[in-house]
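Worksheet: one structure, shown below.
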Amino acid sequence: MSKIKKIYIFAFIFCAMLCYYDPNPPEDSELYDERPILVLNLTGCSASSKVFIRYWDSKGAFLYPSSYPIFTNTEGGLLKSLSLTQYTQTVSFLLYVDQNQNDEIDTFDFGIYQTVTLNTLENVTREDISCIPDTLIEVLPFDNLTPESGQKICVYTPADKPIWNIYNRNNIPEYPELADKSAFLTDWFPAFVLNSNGTIKNNFLISGSYHETCVYDYNLNNLYESSETITTKENDFNVP
């Protein structure tokens, strides 16, 4: 075989390797993931603001822990994809934005609760959301008894969804991988906190109807444990 022919053969093999070799091939779970995607396209918010997301699909309730960083960009926008349970046809989401960036949810911030019917012909459905400040209303809990010790944390759920329960306390999205994150009671926003000394961290809700679930967190670890008390108001808690 001539030297020139050998060079051609080597070049062909080398080019083929460049074209077809992937040093980081996608995992099968990613390659064949056919679950529906809801893309939240948020615009008009203040730049670099913290965003809180809680949603419900066909499998149940999910949240992004507050320790997982979700922020608007420098233009006040956000594109966030929710990878939903397969065969989900409708999804509801609750989204808050800390507009004034004071690390609190208050009347100056933006909140929205919305139900979306997914596009069954496409794998991806896009929902456009415009930030509107001052959409939240301050409310006191229906159960306003001060705990004898520890703290009381009340979690609110839109009235068209099941009440919060201990079985979904750690329901965090499968994608992205959040195995190193923990979900606390106050991550299930919106939440009201009342300490035994009477100190109140008030709750701010969007106008609508809610269920109220209160946990008496005696050891102050922001989690529900079997030794602690839980109360529920299943009738609608109305916010004008």
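The values are calculated or read from the model by the stated rules, or taken from the named source; none is laboratory data. Everything quoted here is computed from the prediction, not taken from an experiment. Here the Cβ positions follow ideal geometry from the backbone for every residue, glycine too, while neighbour counts run over all protein chains shown. Note: areas computed on protein heavy atoms with side chains; ligands, DNA, RNA excluded. Shrake-Rupley method; radii C 1.70, N 1.55, O 1.52, S 1.80 Å.
Quick notes on this structure:
- For the set E75, E225, solvent exposure ranked by accessible area (probe 1.4 Å, protein chains only) runs largest to smallest as E75, E225.
- Of N197, T74, T90, farthest towards positive along the dipole that unit charges on Lys, Arg, Asp, Glu beta carbons give the chain: T74
- The stretch 84-99 - phi-based ³J(HN,Hα) in whole Hz, Karplus 6.51/-1.76/1.60, Gly and Pro as x: 9, 5, 4, 6, 5, 10, 10, 9, 10, 9, 10, 9, 10, 10, 7, 4
- Derived scalar couplings ³J(HN,Hα) [the stretch 209-222; Karplus, 6.51 cos²θ - 1.76 cosθ + 1.60; whole Hz; x for Gly, Pro]: 10, 9, 9, 10, 10, 10, 10, 8, 8, 5, 9, 6, 9, 6
- Between Y87 and S182, the contour length at 0.36 nm per residue exceeds the Cα-Cα span by 31.5 nm.
- Accessible area per residue, Å², the chain with all protein chains present, probe 1.4 Å: 57 Å²
- Along the stretch 228-240 the Karplus relation, 6.51 cos²θ - 1.76 cosθ + 1.60 evaluated at θ = phi - 60°, assigns HN-Hα couplings of 9, 9, 10, 10, 9, 10, 7, 5, 4, 9, 8, 10, x Hz to successive residues, with x for each Gly and Pro.
- FRET efficiency for the pair T199 and V124, taken as 1/(1 + (r/R0)^6) with r the Cβ-Cβ distance and R0 = 51 Å, rounds to 0.70.
- Here the spin labels are modelled as points 7 Å beyond Cα on the Cα-Cβ line, and at S149 and T117 they lie 5.4 nm apart.
- The solvent-accessible area of T88, taken with every protein chain present and a 1.4 Å probe, is close to 10 Å².
- Taking amide H as placed 1.01 Å from N in the peptide plane, the amide H of T85 sits under 5 Å from that of S58, K59, each at least 5 places away or on another chain.
- Given charges at Cβ of Lys, Arg, Asp, Glu: the stretch 104-224 dipole, positive-most of Y156, F142, V124: F142
- Heavy-atom accessible area ranking, 1.4 Å probe, most first, across S227, S149: S227, S149
- The stretch 127-171, dipole about Cα centre (Lys/Arg Cβ +1, Asp/Glu Cβ -1), debye to the nearest 20: 300 debye
- Rounded to the nearest 10 Å², the accessible area of T117 at probe 1.4 Å: 110 Å²
- Exposure of V155 as accessible area (Å², to 10), given a probe of 1.4 Å and all protein chains: 0 Å²
- Rounded percent of accessible protein surface that carbon and sulfur make up, the chain, 1.4 Å probe: 54 percent
- Measuring between their Cα centroids, the stretch 170-200 and the stretch 85-157 lie 13 Å from each other.
- Total charge dipole magnitude, the chain, about the Cα centre, Cβ charges on Lys, Arg, Asp, Glu only, Debye to nearest 20: 940 debye
- Highest mobility in the GNM of the chain, judged by mean-square fluctuation with C-alpha springs under 10 Å and restricted to P141, P69, P158, is found for P69.
- With the biggest extent put first, the Cα atoms of the stretch 41-113 measure 37, 22, 21 Å across the principal axes.
- Candidates per chymotrypsin sites (Phe, Trp or Tyr not before Pro) in the stretch 85-127, loop by DSSP, up to 15 other Cβ within 10 Å: Y87
- Calculated Rg and Dmax of the Cα atoms in Å (choose from (i) 28.4, 98; (ii) 23.4, 93; (iii) 17.3, 52), label: (ii)
- Sequence of R54, R126 when ordered by accessible area, the most exposed leading, probe 1.4 angstrom: R126, R54
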